1. If you check every pair at least six apart or on different chains, which have Cβ atoms under 6 Å apart with a residue in segment 1-22 that is crowded, with 20+ Cβ neighbours inside 10 Å first and a residue that is in a loop (DSSP other than H, G, I, E, B) and modelled with pLDDT of 90 or more second?
2. Can you name every residue in segment 198-233 that is in contact (Cβ under 8 Å) with a residue 12 or more places away in the chain, part of a loop (DSSP other than H, G, I, E, B) and more than 21 Å from residue 140 (Cα to Cα)?
3. Say we look at segment 232-252 and pick out the residues that are within 17 Å of residue 42 (Cβ to Cβ) and out of contact with any helix residue (DSSP H, G or I) (no Cβ under 7 Å at 6 or more places or on another chain); which of these is surrounded by the most Cβ atoms within 10 Å (Cβ to Cβ)?
4. Residue under question is residue 154, and the condition is that it be touching a strand residue (DSSP E or B) at 6+ places or on another chain (Cβ under 7 Å), modelled with pLDDT under 95 and surrounded by fewer than 21 Cβ atoms within 10 Å (Cβ to Cβ); does it hold?
5. Counting only residues that are in contact with a helix residue (DSSP H, G or I) (Cβ under 8 Å, 6 or more places away or on another chain) and either surrounded by fewer than 24 Cβ atoms within 10 Å (Cβ to Cβ) or under 18 Å from residue 110 (Cα atoms) (or both), which one in segment 74-90 is modelled with the lowest pLDDT?
6. Restricting to segment 76-126, name every residue that is within 22 Å of residue 139 (Cβ to Cβ), touching a residue at least 60 places away in the same chain (Cβ under 8 Å) and more than 13 Å from the chain's Cα centre (by Cα).
């Protein structure tokens, strides 16, 4: 069983957009004590359409997690099902609303057995930190990331490429089924942390900066600091919606000794 306690929080800023189309949430599971889920969705699709898509991701995740039982269900299957179910419903919404809603998704489940499982679609990211170090992060389902993998673009060139926002996989697309990437990490410990965020946040930071901010602060403090800095770094009034969720594993508080010297004397 776990040897840590969990601290978690979410943060958002509308940026310079007319509407907040991102969503973030933290859930516990009624049928799975000790399990925690964090979800971030970045909606796209014109006025209100993106917000509808991101909201559907959160709603689908909550409904699925409410029914999740570790005795009969698998976490990886749960996350994949959330992605595919949200994808299907968002596509149906497009027909009924005459909009073209899409969304990215990144979701994390922490289990009481020191395991983390996550899934993502699109370019919303998950970072895994080991203390102040970035130990892992998701790889975007984006056009520029595909060019980087093919050796046609450097990591530096990809950072501010004019096609940086073009995705090759998203929820709600009518062209193809979403690519859902699943990962797992065993042996969680105090000092580990996770950051889930939309591109309106990660675009402005290096991996090392994100790791240092999360390690040195509580989730609430880190959220406020990162959003403030992202707004400072956004130029020409072009800052995107900025959304994040932070999950930190910290040392549990020391338990008070149930006895005193006076009680020991009486016992003797």
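1. Pairs that qualify, where the first residue is crowded, with 20+ Cβ neighbours inside 10 Å and the partner is in a loop (DSSP other than H, G, I, E, B) and modelled with pLDDT of 90 or more, are 15/240; 15/241; 21/241; 22/198; 22/241.
2. The answer is 216, 218.
3. Selected residue: 245.
4. The answer is no for residue 154.
5. Going through the qualifying residues, I end up with 89.
6. Result: 76, 80, 83, 84, 86, 87, 102, 103, 115.
Here's the yes/no breakdown for (1) within 23 Å of residue 118 (Cα to Cα); (2) at pLDDT 95 or above:
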{"position": "173", "(1), (2)": "yes, no"}
{"position": "183", "(1), (2)": "yes, yes"}
{"position": "192", "(1), (2)": "yes, yes"}
{"position": "209", "(1), (2)": "yes, yes"}
{"position": "218", "(1), (2)": "yes, yes"}
{"position": "225", "(1), (2)": "no, yes"}
{"position": "233", "(1), (2)": "no, no"}
{"position": "246", "(1), (2)": "yes, yes"}
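The values are calculated or read from the model by the stated rules, or taken from the named source; none is laboratory data. Computed from a predicted model, the values in this text were never measured in an experiment. Methodologically, a virtual Cβ is constructed for each residue, glycine included, from the backbone with ideal geometry; neighbour enumeration extends over all protein chains shown.
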